[in-house]
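Worksheet: one structure, shown below.
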């Protein structure tokens, strides 16, 4: 072989070697690029073909009743909670055409639905897509029926099992229906498109939104083209929302709602609401409103302006003039002035037993009058008869002695003009006029007649919760409470319950002396007894103390002479009150009620609702009667000399006749 031939062969072999080496390095480089540089990218593509990720929905926190109020009752009772529901879905492209009608007919025979829904489902079956949601929010029983039919069917027809599948979601459930609707509210069916979080409509659902929300989890499983395999991995652990335990008791709430509905209908009123509060802790035991708000049909309410008004929790959001329920507080101001003067070594401005002439109702810039003429009165008679002129006389002495600024400071001290801090959105602060401040129209908020109208609860606005706070002070020896709806908040961590701190535990502040509250309480006990303006508020077999009030509604910036808001605020038993209760009637019919007076007055239309709610609630709580001879009206035994306040009432009525006989 020639030298040239050998040289040529060597060169060829060298080239082949170099080419193979280069090819090898190119393969290695490709492997490096695919596995190292672009490994994450190709891994994701591979997983998309064989692995499916699913969101694990969290359970929104529940609202629970305060079952601790009833001795021996410790079983949890929810007002609102999430229950598992299922969406039935299909992959239309994977279902053979020959099977579609048969599958459709079987599903419609199992799942009851209307004609419109059936037509939509039929269209979805023939869409060119890999995903359609056929039915939403099916219960477990229905899903089990579908699976019972589907399992043997897909095996028989040799279909992929995963062309028909379910997705789990949670849906809000309300075991008591519309009860507590304005307080709880609800969440929209459709979640927020970005955050996938529920959207509250208002109420506690909105106020505690962040606490009630949990965190969605995520899981992954391996799948084939035809079936889901058993291999499953939890990628992100879900977290359920915190549970909120309310101070409201479901049984007492039901009592309030039943009696409130009956009272509104009897008074032929537009509506009404009631607040029941523990005077020592500020815990709200019931918060009722009628007409009710059925949260399961929320869209109907929010799409109608008239119905939308019903969704507001009016005890907190709306304001009214407290009217004559302010009169006991006016007397508190006078007695506080007495205490200050006593510390200064000066004479008091009045005595509760003092005989005061109320013939002349003329005051600076205003003339006051009473429903009936009462020439002479003391504090007991004035509160019993709900006298305006007497309150004007006392207010005149307060202003002369302490001044206008002092009075306004005391009104504010009682909580008027400030939010109570109740755990509900959009609470109204109300309005107390301020000396020297102008209205938007340029007129003074506080003028010469203002103190005299304030004396009987006009010319200021308050929400009903503020009125309940003030009457709690009268009931609990003078301490100002902070109203709350929350008993505790519990977060579940790994199956363990952890109580979150309650920020509402505020120290009580002493506002009134026991001497003042005891004296006012005595006067208020006359109101529901014979001769009083709210006799229908008497609670059979129990003692009570309270005051009624009626005010004209403001319509388009003007007082209406036809539309009223009437209320009764009181507490029972009188000496160791179990609760304070404020009942409001909105626009009661102006008609005459034989034996009692005009229906639109709080002592006629609101006080009987107070009586019914109070009696039933005290019996439910197991409170022993403190007036066992206080028989209800129409009972032949009524009038017993052993009944509470009989002697005192007779003595006061005789004194009234003596002072006012012609």
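The values are calculated or read from the model by the stated rules, or taken from the named source; none is laboratory data. Everything numeric in this text was worked out from a predicted model, so none of it was measured. All Cβ positions, even for glycine, are placed from backbone atoms using ideal geometry, and neighbour counts span all protein chains on display.
Taking the stretch 564-662 and the helices (runs of 4 or more DSSP H) fully enclosed by it, the elements with 2 or more residues that are closer than 29 Å to residue 289 by Cβ are at 602-605, 607-621.
Scanning the stretch 173-225 for residues that are assigned to a strand (DSSP E or B) and buried (at least 19 other Cβ atoms within 10 Å of the Cβ) returns 187, 200.
Being more than 18 Å from residue 293 (Cβ to Cβ) and in contact with a strand residue (DSSP E or B) (Cβ under 9 Å, 6 or more places away or on another chain) holds for only one residue in 189, 196, 210, and it is 196. You will find that of 117, 100, 123, the residue that is under 16 Å from residue 160 (Cα atoms), part of a helix (DSSP H, G or I) and either in contact with a helix residue (DSSP H, G or I) (Cβ under 7 Å, 6 or more places away or on another chain) or assigned by TED's automatic domain parsing to the domain that holds residue 169 (or both) is 100 and no other. Determine, yes or no, whether residue 54 is surrounded by fewer than 18 Cβ atoms within 10 Å (Cβ to Cβ) and either out of contact with any strand residue (DSSP E or B) (no Cβ under 6 Å at 6 or more places or on another chain) or modelled with pLDDT of 90 or more (or both). Against the criterion (surrounded by fewer than 18 Cβ atoms within 10 Å (Cβ to Cβ) and either out of contact with any strand residue (DSSP E or B) (no Cβ under 6 Å at 6 or more places or on another chain) or modelled with pLDDT of 90 or more (or both)), residue 54 does not qualify. Contact map, the stretch 402-416: residues that are assigned by TED's automatic domain parsing to the domain that holds residue 321 paired with residues that are in a helix (DSSP H, G or I) and surrounded by fewer than 16 Cβ atoms within 10 Å (Cβ to Cβ), Cβ distance under 8 Å, separation 6+ or inter-chain. Pairs shown: 402/340. Would you confirm whether any residue within the stretch 150-160 is under 38 Å from the mean Cα position of the chain (by Cα), surrounded by 12 or more Cβ atoms within 10 Å (Cβ to Cβ) and not in a loop (DSSP other than H, G, I, E, B)? No, because not a single residue in the stretch 150-160 is under 38 Å from the mean Cα position of the chain (by Cα), surrounded by 12 or more Cβ atoms within 10 Å (Cβ to Cβ) and not in a loop (DSSP other than H, G, I, E, B).
Residue under question is residue 539, and the condition is that it be in contact with a strand residue (DSSP E or B) (Cβ under 9 Å, 6 or more places away or on another chain), closer than 30 Å to residue 61 by Cα and buried (at least 18 other Cβ atoms within 10 Å of the Cβ); does it hold? Talk me through it step by step, then tell me what you get.
Numbers: in contact with a strand residue (DSSP E or B) (Cβ under 9 Å, 6 or more places away or on another chain): yes; closer than 30 Å to residue 61 by Cα: no; buried (at least 18 other Cβ atoms within 10 Å of the Cβ): yes.
No: the conditions fail for residue 539.
Taken as a whole, the stretch 298-315 holds at least one residue that is surrounded by fewer than 21 Cβ atoms within 10 Å (Cβ to Cβ), in the same structural domain as residue 403 (by TED's automatic domain parsing), assigned to a loop (DSSP other than H, G, I, E, B) and at pLDDT 95 or above. For the stretch 388-423, filtering for residues that are crowded, with 16+ Cβ neighbours inside 10 Å, in a helix (DSSP H, G or I) and touching a strand residue (DSSP E or B) at 6+ places or on another chain (Cβ under 9 Å) leaves 7.
Right, residue 174: over 30 Å from residue 251 (Cβ atoms) and modelled with pLDDT of 85 or more or not? Considered against the rule, which asks whether it is over 30 Å from residue 251 (Cβ atoms) and modelled with pLDDT of 85 or more, residue 174 comes out as no.
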